[in-house]
Structure formats: C-alpha cells, structure tokens
Amino acid sequence: MPDKKTPSPENIAHEQNPSPDKEEQSVDPSYSSAENGSEAVAEEQLADEDMEEAAESSGSADEMKDQLLRALADVENMRRRSERDVAQANKYGHLSFARDLLSCFDNLSQAVSLAPEDKSDFDENLKNILVGVEMISTEIDTILQRHHITKINPIGEKFNYNHHQAMFEVPNNEVEAGTVVQVAQPGYLLHDRLIRPAMVGVSKKVSSTETDDSSSVDKQA
C-alpha cells in the first residue's frame, strides 16, 4: 500500500488563511459603485442645502436692508415735519394774541382820529394827554409792523374776498363796480395769513330806473 502523505503545517496554515490578494479579488465590484453613488448623492444634497442657506441668508439681508431704509426714511420725514412745525410756530404762534390786541388798538386809533389837530385851545394837561395817546398809538403801530402785522386799508382797490368782507353796497358810477369805496374797519395780515378781514363798502352801478326814480323824487320835492 502506498504511504499516505502527511500534510505539513505550512500547507494546513495556508488552507486556513488564504492570501490577501485573493480576498481583494473576491470583492463584489457592484458594491463599490453603489458606495460611490451614495457619496455623490450626499454631496449633491449638501450642495443644495448650502445653496438654500445662502439664498435664505441673502433674502434676510435684503429684507433687513429694506427695513433699515424705511426706518431712515421715517426718521428723515419726522425731522422735516418737526422743523416745519417749529418754523410755523415761530412764524404764526402769536396770531391769537395779535387778534385780541387789535380790537384794543382799533379803539385807541378811533380815539386818536377824533382828536382835533389844533390843540392850542386846550388845557395844558389835556393837551399832554392827547399827545401821549397819539404817541402810544404810533408806538403800537410800529411794534405791529416789526412783528410783520400789516394793516389792510383797501380804499380804491378791487374787492378781494380773501382779504375783504363786504358790509354794504354804495351806488357809484364814477368807479368800476366792485371797487372798495369805504372802509368801516381795517383788516390785518400776519405775514401772509389773514388775522381779520377788512369791513368795507363796495361800489355798484346805478341803473337807469334808479336814476329816473331819484330824479322824479327830487322834482316832486
């Protein structure tokens, strides 16, 4: 009988532990391609997320910029409005005071206008009183002009409904109809704003019938 060959220890170890090269060759190539594809998908997802974050950050930055511009515009409008209000207050703030003062000034002016020009026959004390009243009236008129308060005395002017108030009509063919021929009370302006309209009498044309009626009344008289 032929002798059975006893396997050596090296052969036993080689059978139990095959070489690494053979193990690597036995790896399935489809697994490697699937792994590479999953990595590419993951990279694409990361890129999409980065783009979305960049778009969101850009949109929020534009929104913040728009809100900032709106806030700056509101502040600028508020500043201009405040400056305009302060200017209006400085220019027209004493309107109500001037309106109340003018009634007293009218009475004083009326008293001065009734005083005679020739005061030689008056007592010395009375003469001094009249002169003092005239000086006060002149000083008040100067103060009013200093504060841009001007008088409206429209004798001979065309009637202006913005500055005049017609109280009565005066028949008069010598001037154009609608002309101010009498001033019952002068008006006043503060800069370009009306304090009080002038109370005036306005001319009107005399018709032929009114002329005939008046002449017939004169003849009967």
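Which residue is farthest from His191 (Cα to Cα), if the candidates are limited to the stretch 97-153 and must be assigned to a helix (DSSP H, G or I) and among the small types (Gly, Ala, Ser)? Before you say what the answer is, go through the steps one by one.
Let us first name the residues in the stretch 97-153 that are assigned to a helix (DSSP H, G or I), namely 97-114, 124-146.
In the following step, the residues that additionally are among the small types (Gly, Ala, Ser) were identified as 98, 103, 109, 111, 113, 132, 137.
Details: Ala98: 12, Ser103: 19, Ser109: 22, Ala111: 27, Ser113: 26, Gly132: 29, Ser137: 21 Å.
Looking at the filtered set, the residue picked out is Gly132.
Which condition does Met167 not pass, out of (1) assigned by TED's automatic domain parsing to the domain that holds Val206; (2) outside any strand (DSSP E or B), if it passes all the others?
In the conditions (1) assigned by TED's automatic domain parsing to the domain that holds Val206; (2) outside any strand (DSSP E or B), Met167 misses (2) alone.
When you go through Asn77, Asn162 one by one, which is the residue that is under 30 Å from Val206 (Cα atoms), of a type outside the set (Phe, Trp, Tyr) and surrounded by fewer than 14 Cβ atoms within 10 Å (Cβ to Cβ)? Steps first, please.
Working: Asn77 fails: under 30 Å from Val206 (Cα atoms).
Answer to the selection: Asn162.
Would you mind stating whether Leu68 is closer than 30 Å to Met199 by Cβ and either in contact with a Lys or Arg (Cβ under 6 Å, 6 or more places away or on another chain) or modelled with pLDDT of 85 or more (or both)? Give the steps one after another, and end with the answer.
Working: closer than 30 Å to Met199 by Cβ: no; either in contact with a Lys or Arg (Cβ under 6 Å, 6 or more places away or on another chain) or modelled with pLDDT of 85 or more (or both): yes.
It is false that Leu68 is closer than 30 Å to Met199 by Cβ and either in contact with a Lys or Arg (Cβ under 6 Å, 6 or more places away or on another chain) or modelled with pLDDT of 85 or more (or both).
Restricted to the stretch 137-150, and to residues that are within 30 Å of the chain's Cα centre (by Cα) and not polar (S, T, N, Q), which residue is surrounded by the fewest Cβ atoms within 10 Å (Cβ to Cβ)? Don't jump to the end; show me each part of the working.
Just the residues of the stretch 137-150 that are within 30 Å of the chain's Cα centre (by Cα), to begin with: 144-150.
Within this subset, residues satisfying the condition of being not polar (S, T, N, Q) are 144, 146-149.
On the way: Leu144: 18, Arg146: 8, His147: 11, His148: 15, Ile149: 21.
Among residues in the stretch 137-150 that are within 30 Å of the chain's Cα centre (by Cα) and not polar (S, T, N, Q), the one surrounded by the fewest Cβ atoms within 10 Å (Cβ to Cβ) is Arg146.
Do you know which residues across the stretch 108-136 are among the polar types (S, T, N, Q) and exposed (fewer than 10 other Cβ atoms within 10 Å of the Cβ)? First the steps, then the outcome.
From the stretch 108-136, those among the polar types (S, T, N, Q) are 109-110, 113, 120, 125, 128; that's our starting set.
If the condition is that a residue be among the polar types (S, T, N, Q) and exposed (fewer than 10 other Cβ atoms within 10 Å of the Cβ), then Ser113, Ser120, Asn125 are the ones that fit.
Take Ile195 and tell me if it is outside the structural domain of Ser103 (by TED's automatic domain parsing), assigned to a loop (DSSP other than H, G, I, E, B), modelled with pLDDT under 95 and under 26 Å from Ser109 (Cβ atoms).
On the way: outside the structural domain of Ser103 (by TED's automatic domain parsing): yes; assigned to a loop (DSSP other than H, G, I, E, B): no; modelled with pLDDT under 95: yes; under 26 Å from Ser109 (Cβ atoms): yes.
Spelling it out, it is not the case that Ile195 is outside the structural domain of Ser103 (by TED's automatic domain parsing), assigned to a loop (DSSP other than H, G, I, E, B), modelled with pLDDT under 95 and under 26 Å from Ser109 (Cβ atoms).
The values are calculated or read from the model by the stated rules, or taken from the named source; none is laboratory data. Keep in mind that this is a model prediction, so the values were computed, not measured. Positions of Cβ are generated from backbone atoms using ideal geometry, with glycine treated the same way; all protein chains shown enter the neighbour counts.
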